[in-house]
1. Any residue in the range 85-109 that's in a loop (DSSP other than H, G, I, E, B): show its pairings with residues that are of a type in the set (Ser, Thr, Tyr) and at pLDDT 95 or above at Cβ separation under 7 Å, as long as the two are six or more apart or on different chains.
2. Looking at Gln84, Gln12, can you tell me which residue is of a type outside the set (A, V, I, L, M, F, W, C), under 30 Å from Gly202 (Cβ atoms), crowded, with 17+ Cβ neighbours inside 10 Å and modelled with pLDDT under 95?
3. So which of Leu64, Leu69, Leu77, Leu73 ends up being free of Cβ contacts under 8 Å to residues at least 24 places away in the same chain, assigned to a helix (DSSP H, G or I) and within 30 Å of the chain's Cα centre (by Cα)?
4. Return the residues of the range 212-228 that are modelled with pLDDT of 85 or more and over 20 Å from Val185 (Cα atoms); say none if nothing qualifies.
5. Looking at (1) free of Cβ contacts under 8 Å to residues at least 60 places away in the same chain; (2) out of contact with any helix residue (DSSP H, G or I) (no Cβ under 6 Å at 6 or more places or on another chain); (3) not basic (Lys, Arg); (4) not in a helix (DSSP H, G or I), which is the one condition that is false for Trp130?
6. Within the set of pairs 6 or more residues apart or between chains, which connect a residue that is farther than 23 Å from Gly402 by Cβ and touching a residue at least 24 places away in the same chain (Cβ under 8 Å) inside the range 29-47 to a residue that is buried (at least 17 other Cβ atoms within 10 Å of the Cβ) and not aliphatic (A, V, I, L, M) with Cβ atoms less than 7 Å apart?
7. Is it the case, given these coordinates, that Ala305 is buried (at least 24 other Cβ atoms within 10 Å of the Cβ), modelled with pLDDT under 95 and closer than 30 Å to Leu448 by Cβ?
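The values are calculated or read from the model by the stated rules, or taken from the named source; none is laboratory data. These figures come from a predicted structure and were not determined experimentally. Positions of Cβ are generated from backbone atoms using ideal geometry, with glycine treated the same way; all protein chains shown enter the neighbour counts.
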Amino acid sequence: MMSAGATLTNDQVFVAGRGQVASFPRRRLLALRIVGVGIVGLGAVYLGWRMSAGTGTSSISFALWVAELIAYLSIVLTVVTMWQRRVREGPPRPPRGTLDVFVPVCGEPAGMVKETVSAALAIAYPHQVWLLNDGCRADKTGWREIDDVARALNVRCLTRTEGSRGKAGNLNNGLRHSSGEFIAVIDADHRAHADFAHELLGYFDDPSVALVTTPQLFEVRGEDVLNNLQPFFYGHQQPAKDAANAAFSCGNGVVYRRSALEEIGGFSEWNLVEDLHTTYRLHAAGLETVYHPKAVTVGTAPATAAGLAKQQLTWAIDSLRILFFDSPLRKRGLTLRQRVHYLHTTTLYLTGIAQLVFWVAPFVYLALQVSAVRGSQAGTAYVATAGPYYASVFLWLAGFVGVRKTLRTTAQRTFLAPVFVVAALKALCGQGLQNSVTEKVRVPRFSLLLLPMIGVAALTAAGLAYTAVIGHRQMAVVVAAAAGMTLIMSGMLTAVTHDDCLRRRLRVAAVACTVLAAFVFAIRAF
C-alpha cells in the first residue's frame, strides 16, 4: 500500500452525488492550470477596458467595476490555491489505538438520534460511543428523550446542565469524561459507515497528524438545486488545501488525536462552531491534518432556501470573525501557504458580498434605462472584452465540476450574498454569536433572511418586463444580464418548499416568463 501522502497516477475527485472517488485525469488538471493563467490575463485586460469605457457613465457603473475587481481578485486567489492538490489513496497502516465516538445532540429528534447512535455502534472496530446531550443546557424540548435513547441502546450519555454553551463546550465536556486516544465526532443527523475507523485511523501512524477530516455526503431529494453537496469544495478545494497542510474539519466525520487537542486546550470555544477555528489552532501549533477523499457518513441537509440561509449565516459569521479578529495574516505559527489558504477561506464570504452588486446592477440599469457602458459601439466592445474573460472563468469551473454544477455553485453564492452582508455586520458587532442547529425535521419555508432576495428578484422581473415593452436597443447588454441572472437563480428562488413537483412547476414558470420577456425585447429592439 502506498504512503499516506502519495497520490495516484490518475488523480481523483470526490463525487458528492455518489459518495465515492472517481478518476480525474492529470492532463485535465494541467489544462485547467493553463485556463487559470488565461483568466488572470483576460481579467486584467477586461477590467482595464471597463475602467476607461464603463465607469464614467454613473456611480452604479463604478460600483459594478469595483465589485468586478473584488471578484477578479478572489478568482485569482482561488486559481493560486487550486494550483496543487493531494489526493490520498488511503491510510498507510491498519487502524490501531483506542477510539471514542462522540455524538453531540442539541434538540434533534429522538428517532433521528437513535438511528445515528445505532450506526455509530455498528462501526467495525472496538470503540466507545458517547451521547453528548446538550438539550437541557440549551433549553431544548424533548431532551429527556435523548437520555431514554442512551439507556435503550446501552451507551454512555452525558447530559449537561451547566458550562459554556455551544457544541464546543459540549465536546470539551465529553473530552473530560473520556480517555480514548482518538476522538471521532459524528453529528446527530449523520449515520456512520461500518468501515469508518478502518478508513481513518491508519493515518495517525504519523505522530504529527492531529486530525483526519472527510467530505460531507447528504441525502438530497431530487435535484440538488441548493448545491448542498458542494462538489467544488469537497472534490477539489479540500484536496488542494491538503497539499498545503491546510485542510480543515467540517465538524462531522472527523477524528482528532486527543493529545493534539490537549496541546491547544481542547476544542475551540471562541467561535460559533468549533471545527474551523480548532483546526486553525492545530495548524498554528505546527501540527498536520489529513483530508481523506471519501465520505464515511451520510446525513441530512437544508431542504429549502430558508434552511440554507440560516445554515450559511452561521458558517459565514464563523469565518468572518476569524478574518476580522484572528487574521491569518497575523497568526503566528502558520506557514506562508497556510496563510494564503486561510485567507482564501475567510475572505470567501466577504468577497461573496460583491455578488450582490452583480445581482442588483441589472435592475438598477433597467430602472434608470441607462446603458452599462458608453459609446455607440459599447455593446459590441463589451462582448469582445467581457466575453472571453467570463467564458474562461466558466470553462475553468466547469472543467472541475461540469456545467450544471457550475451554474448551481454560482447561483448559490449570488443568492446568499445578502446573507453574507448580514453575517459581516454580525461578525463585526459581535451579534448572533450563539450556537444554533439547522432544522432537521420541520422544514422552514420562509425566513426574514430571504426578503432581500425576493425583493431584488421581483424588481428585476418588473424591470425586465418594462424594458421588453419599451425595446430600446442600447439596453441589450443589460437585458441579457438580467435575463441570464434570473435564469441562473430560478432554482434557488423557487426552493420555498421541499416538494420537488411544486419546485419544478415554479421553476418552469419563472424560466418561461424570463424567456418570453427576452424574446419580446429582441423583437421590438431589432
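1. Correct list of pairs: Pro91/Tyr203; Pro95/Tyr125.
2. Gln12
3. Leu69
4. Asp224, Val225, Leu226, Asn227, Asn228 - these are the residues of the range 212-228 that are modelled with pLDDT of 85 or more and over 20 Å from Val185 (Cα atoms).
5. The number of the failed condition is (2).
6. Close Cβ pairs (under 7 Å, with a partner that is buried (at least 17 other Cβ atoms within 10 Å of the Cβ) and not aliphatic (A, V, I, L, M)) amount to Val45/Thr385; Tyr46/Thr385; Tyr46/Tyr389; Leu47/Glu68; Leu47/Tyr72.
7. yes
Conditions (1) surrounded by 16 or more Cβ atoms within 10 Å (Cβ to Cβ); (2) closer than 30 Å to Gly352 by Cα, marked per residue:
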residue	(1), (2)
Ser61	yes, yes
Val76	no, yes
Pro91	yes, no
Val105	yes, no
Tyr125	yes, no
Leu131	yes, no
Asp134	yes, no
Ala138	yes, no
